[in-house]
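Before any comments, here is the structure.
The values are calculated or read from the model by the stated rules, or taken from the named source; none is laboratory data. What you see is a predicted model, and the numbers here were worked out from it, not measured in a lab. Backbone-built Cβ (ideal geometry, glycine too); neighbour counts: all protein chains shown.
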């Protein structure tokens, strides 16, 4: 996707052909090494059970971790201390004053800089923290359990935090005023997660236990734009959907994860039905990409990760005890990462180091490091394997990973 932008810059004279060739080779090399990623046993996080994590997007150094006891910890991924663990920058033990009463459901760095971060829990609170002092600076008290929250990564005209409520509402909270400004209704059941478009600052997407994925524009009075329809490949506004008077469902089972691509043009959704789907964010149309079916046991929110500035773009999808590495636009299975002993909760990709971080129910935090890129290996690589050629349920989750442990 970034390749298209680079081509346009070359055509307009904004990018030299030499730099263009260099950037193409860099992104191809990145995709190649991610297909040969291996487990790095040397770099780990020494902490209690991690339930959610986020990597700041300024320097891609500081890793924020929420814990099962309500505690928090920040690590510097560029510093490895004695004992083969990342250097701890700051932490707050669970049970202390100001921490969450229950496990941390979601954490997020302030997108503009690493000067703030937010956390939420089923104790009905969203907390705003100062990472330099590890002190609580503000708090939103809700009237329902909280499943997830997110701030827009590109907003310049608002500072709204979208909260996924157990009561079926998306609650919008303004960081500038410290108040709840609006509530978006429509989900028939708990809202599982929210995510802002990285392309348009006023566009918000939410997923629910009701199997729907809804898109909102917070500038309008009604806010609701459409619900993604997995049956007829169009949004709820289609004549057929209106005639049938049915609620469009994105998946047969509840949605356990969704994620925008880096450019915001596409949306990936993953359901408990074992299907990964790709959607056009402008039209709401489901794209005809076959990823294969995956058996999934977890009903909790999972965090998938996508790569920026690669060709082809990849998604890292937690699937039971493994992480599937899949080409977004073709559905081709690139790799299967095995290292966890229980359900993987989430994946984080570091575009600076090209490392992948995963955490799960086995209380392990794992760093996956790409192997050294060899030009000859890249030229001989066969990119024609298609995921559609593999038996759907067995091969998708089969271990295709070899480790360089030690």
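Checking the structure you have, find out if any residue of region 60-79 is over 24 Å from the mean Cα position of the chain (by Cα) and either assigned to a strand (DSSP E or B) or over 19 Å from residue 354 (Cα atoms) (or both). Walk me through it before giving the result.
The first filter runs over region 60-79 and keeps only residues over 24 Å from the mean Cα position of the chain (by Cα), leaving 79.
Narrowing the set further to residues that are either assigned to a strand (DSSP E or B) or over 19 Å from residue 354 (Cα atoms) (or both) leaves 79.
Yes: one or more hits.
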Can you name the residue in region 177-210 that is surrounded by 22 or more Cβ atoms within 10 Å (Cβ to Cβ) and either over 17 Å from the mean Cα position of the chain (by Cα) or without any contact (Cβ under 8 Å) to a residue 24 or more places away in the chain (or both) and, of all such residues, is nearest to residue 150 (Cα to Cα)?
184
Looking for something at pLDDT 95 or above, in contact with a helix residue (DSSP H, G or I) (Cβ under 7 Å, 6 or more places away or on another chain), buried (at least 19 other Cβ atoms within 10 Å of the Cβ) and not in a loop (DSSP other than H, G, I, E, B) - is there at least one such residue anywhere in region 305-315?
yes
Looking at region 70-105, which of its residues are at pLDDT 95 or above and more than 16 Å from residue 131 (Cβ to Cβ)?
70, 100, 101, 102, 103, 105
Flag for residue 318 being modelled with pLDDT of 95 or more, in contact with a strand residue (DSSP E or B) (Cβ under 7 Å, 6 or more places away or on another chain) and either in a loop (DSSP other than H, G, I, E, B) or buried (at least 21 other Cβ atoms within 10 Å of the Cβ) (or both)
yes
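Is it the case that region 352-360 has a residue that's assigned to a strand (DSSP E or B), surrounded by fewer than 23 Cβ atoms within 10 Å (Cβ to Cβ), under 12 Å from the mean Cα position of the chain (by Cα) and at negative phi? Break it down stepwise before answering.
Looking only at region 352-360, we keep the residues that are assigned to a strand (DSSP E or B), and these are 356-360.
Subset that is surrounded by fewer than 23 Cβ atoms within 10 Å (Cβ to Cβ): none.
No, every residue in region 352-360 fails to be assigned to a strand (DSSP E or B), surrounded by fewer than 23 Cβ atoms within 10 Å (Cβ to Cβ), under 12 Å from the mean Cα position of the chain (by Cα) and at negative phi.
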Residue match in region 130-142 (condition: closer than 27 Å to residue 359 by Cα, touching a strand residue (DSSP E or B) at 6+ places or on another chain (Cβ under 9 Å) and surrounded by 20 or more Cβ atoms within 10 Å (Cβ to Cβ)):
no
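Only one residue in 346, 331, 284, 271 is over 16 Å from the mean Cα position of the chain (by Cα), closer than 26 Å to residue 249 by Cα and buried (at least 21 other Cβ atoms within 10 Å of the Cβ), so which one is that? Show your work before the answer.
On the way: 346 fails: over 16 Å from the mean Cα position of the chain (by Cα); 331 fails: buried (at least 21 other Cβ atoms within 10 Å of the Cβ); 271 fails: over 16 Å from the mean Cα position of the chain (by Cα).
Step by step, each of 346, 331, 284, 271 is checked, and only 284 is over 16 Å from the mean Cα position of the chain (by Cα), closer than 26 Å to residue 249 by Cα and buried (at least 21 other Cβ atoms within 10 Å of the Cβ).
Quick check on my filter: what residues within region 182-199 are under 17 Å from residue 258 (Cα atoms) and out of contact with any strand residue (DSSP E or B) (no Cβ under 6 Å at 6 or more places or on another chain)?
Once the filter is applied, which keeps residues that are under 17 Å from residue 258 (Cα atoms) and out of contact with any strand residue (DSSP E or B) (no Cβ under 6 Å at 6 or more places or on another chain), region 182-199 yields 190, 199.
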Can you give me the number of residues within region 102-150 that are under 25 Å from residue 360 (Cβ atoms), touching a residue at least 40 places away in the same chain (Cβ under 8 Å) and not in a loop (DSSP other than H, G, I, E, B)?
18
Could you list, in sequence order, all residues of region 259-295 that are within 16 Å of residue 216 (Cα to Cα), free of Cβ contacts under 8 Å to residues at least 40 places away in the same chain and part of a loop (DSSP other than H, G, I, E, B)?
282
